[in-house]
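Structure record follows, encoded as structure tokens.
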Amino acid sequence: MQFISTRGQTDPLGFSEAVAVGLAPDGGLFLPERLPDFSGELARFEGLAYAELCGEFLGRFATDLEPAVLKDLMARSYRNFSHPAVAPLEQLGEDLFVLELFHGPTLAFKDFALQLLGNLYEQQCRVRGQTLNVLGATSGDTGAAAIHGLLGKPGVAIFILYPDGRIAPLQERQMACTGAENVFALAVDGTFDDAQAALKEVFGDQAFRQRHRLSAVNSINLARVLAQCVYYLYAWLRLPQSKRSNIEFVVPTGNFGNVLAGWLLRKMGVPIRSFKIATNQNDILYRLFTTGEYRLAPVAPSLAPSMDIQVASNFERFLYYAVGRDPTRVRDILRTFRETGIYRFEQFDADCFSASRCTDQGISAIIKRVYQKYGYVCDPHTACGFADLGSDRVSVVLATASPAKFPEAIHAATGLEPTHPSLEALKSKPVAKHVIRADAASIKAFIAEHGV
Ligand SMILES: *Cc1c(COP(=O)(O)O)cnc(C)c1O
């Protein structure tokens, strides 16, 4: 299988190459040249364990990997999840389910993609006999998940920049208390935007980038999207036959990567009724899907920080299909948006998407209500999913983080103090962070000294 760019100016690449490159050279995002049709294979998938299902699914895309290699990659990627089901489905009501995606090493759904991506990077280093320095900036969950995907892997070092003093203490500990020698938590003196700007400059230095074999960790990698398709399929297979075609997946959304994966699966022949895009007060996607206007607004920090975004980077993949797979139109629309901060669609086809949004006040009220009504404790991101449930359908709310990661918000709403053994263990470990200036020269010097 080959992968093409949404902007149409990159030659198609195989799976491993597209994963290694990340962003296509023309600035676009990779998509499968053609989507496979799984409708005839669903019966065969019944009863498969998570890693097996993942192997079956990804095998259709990663055609340049040996089946045995792929199988081994899957087994290793999901063995660090603490729940035997990997992605357990909890039933709260007759037609209300929660798909728990927070049983991985960092207690948020990003582990599903980044455990796999870490193993793919390791595999590539081995095949090519090269080392790799992975670099990223984070305002929270992605950095921790990326670090835990690469922890202790031979031939790979990972450097994650984050704004010093501006991320949750537990999130910092997940990055800075691993004890692994190939992990560097870089606390930047500045904001997240400063960190990101410095990072861009480092990547802009082509000679440095090649000399140190730098690779970016970000939310647009093809492998992340494909890995995330699998839990939708797994959940679908776990529901009774009578409910399956009436499922609405409700997805707490920021960069649009998670919900996009579900939507792609539907395009591959899995009969899902619809998707709800659940945003917090940063509602650019809610506004787009309800009015057809894509308009930039400033980010307002919320109780659900991993959804505090300005531009949803994965939206470009949906856009590609929405404009009839016309890369020229994709480029035109994105150019207008980049230049003016707004794009108004003449006719916006929301397809099977609807959207909801939730303020911080709403998040607290929902955490309390869901606890009182169902005895279920949800985290602030997941809470956004409960804002507006349809009554004529089977709602499956994706629980994207463990409540234990947000003890203050949960305590304020319910009086409970959720915790998790892995987070408790972190509290007694030494913090190994490197405070660094938010400029490219300092970051380059650090990588040159500590990289592989
Ligand atoms: C990243 C994240 C989200 C948003 O997911 P997207 O793929 O960016 O839409 C939601 N909840 C949590 C806990 C996250 O870490």
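Give 106, 63 a once-over and let me know the one that is in contact (Cβ under 8 Å) with a residue 60 or more places away in the chain and surrounded by fewer than 21 Cβ atoms within 10 Å (Cβ to Cβ).
Values: 106 fails: surrounded by fewer than 21 Cβ atoms within 10 Å (Cβ to Cβ).
None of the other options fit; the residue is 63.
Do we have any residue at all in segment 307-327 that's surrounded by 21 or more Cβ atoms within 10 Å (Cβ to Cβ), modelled with pLDDT under 95, within 16 Å of the ligand (Cβ to nearest atom) and of a type in the set (Ser, Thr, Tyr)?
No: zero hits.
Table: residues versus (1) at positive phi; (2) buried (at least 18 other Cβ atoms within 10 Å of the Cβ); (3) hydroxyl-bearing (Ser, Thr, Tyr).
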site: 142; (1), (2), (3): no, yes, yes
site: 146; (1), (2), (3): no, yes, no
site: 154; (1), (2), (3): no, no, no
site: 171; (1), (2), (3): no, yes, no
site: 189; (1), (2), (3): no, no, no
site: 212; (1), (2), (3): no, yes, no
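Tell me the helices (runs of 4 or more DSSP H) entirely within segment 201-292 that contain at least 2 residues that are within 21 Å of residue 103 (Cβ to Cβ), touching a helix residue (DSSP H, G or I) at 6+ places or on another chain (Cβ under 8 Å) and within 12 Å of the ligand (Cβ to nearest atom).
222-238, 257-267
Only one of (1) more than 19 Å from residue 275 (Cβ to Cβ); (2) surrounded by 14 or more Cβ atoms within 10 Å (Cβ to Cβ) fails for residue 416. Which number is that?
With (1) more than 19 Å from residue 275 (Cβ to Cβ); (2) surrounded by 14 or more Cβ atoms within 10 Å (Cβ to Cβ) applied to residue 416, the lone miss is (2).
Looking at (1) within 30 Å of residue 215 (Cβ to Cβ); (2) buried (at least 16 other Cβ atoms within 10 Å of the Cβ), which is the only condition residue 396 fails?
(1)
Only helices (runs of 4 or more DSSP H) wholly contained in segment 82-200 count here; list those with 2 or more residues that are farther than 23 Å from residue 18 by Cα and within 14 Å of the ligand (Cβ to nearest atom). Give the derivation first.
Values: elements: 110-128, 141-150, 169-176.
Helices (runs of 4 or more DSSP H) meeting the threshold: 141-150, 169-176.
If I filter segment 423-435 for residues that are within 16 Å of the ligand (Cβ to nearest atom), touching a helix residue (DSSP H, G or I) at 6+ places or on another chain (Cβ under 8 Å) and over 23 Å from residue 236 (Cα atoms), do I get at least one hit? Write out each step before concluding.
Our first condition is that a residue be within 16 Å of the ligand (Cβ to nearest atom); within segment 423-435, this holds for 423.
Of the ones still in play, those that are also touching a helix residue (DSSP H, G or I) at 6+ places or on another chain (Cβ under 8 Å) are 423.
If we keep only those that are over 23 Å from residue 236 (Cα atoms) too, we end up with 423.
Within segment 423-435 (the criterion being within 16 Å of the ligand (Cβ to nearest atom), touching a helix residue (DSSP H, G or I) at 6+ places or on another chain (Cβ under 8 Å) and over 23 Å from residue 236 (Cα atoms)), the answer is yes, since at least one residue qualifies.
Being among the charged types (D, E, K, R) and free of Cβ contacts under 8 Å to residues at least 40 places away in the same chain narrows it down to one residue among 211, 224; which is it?
Unique residue meeting the criteria: 211.
Kindly indicate whether any position in segment 41-49 is out of contact with any Leu (no Cβ under 7 Å at 6 or more places or on another chain) and within 22 Å of residue 400 (Cα to Cα).
Pass one, segment 41-49, residues out of contact with any Leu (no Cβ under 7 Å at 6 or more places or on another chain): 41-44, 47-49.
Going one step further and asking which of them are within 22 Å of residue 400 (Cα to Cα), we end up with 49.
Within segment 41-49, one or more residues are out of contact with any Leu (no Cβ under 7 Å at 6 or more places or on another chain) and within 22 Å of residue 400 (Cα to Cα).
Regarding segment 35-46, can at least one residue be identified that is crowded, with 18+ Cβ neighbours inside 10 Å, touching a helix residue (DSSP H, G or I) at 6+ places or on another chain (Cβ under 9 Å) and part of a loop (DSSP other than H, G, I, E, B)?
At the first step, the residues of segment 35-46 found to be crowded, with 18+ Cβ neighbours inside 10 Å are 38.
Going one step further and asking which of them are touching a helix residue (DSSP H, G or I) at 6+ places or on another chain (Cβ under 9 Å), we end up with 38.
Those left that are additionally part of a loop (DSSP other than H, G, I, E, B): 38.
Checked against the condition, which is being crowded, with 18+ Cβ neighbours inside 10 Å, touching a helix residue (DSSP H, G or I) at 6+ places or on another chain (Cβ under 9 Å) and part of a loop (DSSP other than H, G, I, E, B), segment 35-46 yields at least one hit.
Six or more apart or on different chains, Cβ under 9 Å: which pairs go from a residue in segment 384-401 that's in contact (Cβ under 8 Å) with a residue 40 or more places away in the chain to one that's among the aromatic types (Phe, Trp, Tyr) and part of a helix (DSSP H, G or I)? Could you list them?
396/232; 396/236; 398/231; 398/232
Which residues, taken from segment 214-225, are surrounded by fewer than 21 Cβ atoms within 10 Å (Cβ to Cβ) and more than 19 Å from residue 448 (Cβ to Cβ)?
218, 219, 220, listed by residue number.
The values are calculated or read from the model by the stated rules, or taken from the named source; none is laboratory data. Because the structure is predicted, anything quoted here is derived from the model rather than measured. A quick note on method: Cβ atoms are made from the backbone with ideal geometry, for glycine too, and the neighbour counts reach across all protein chains shown.
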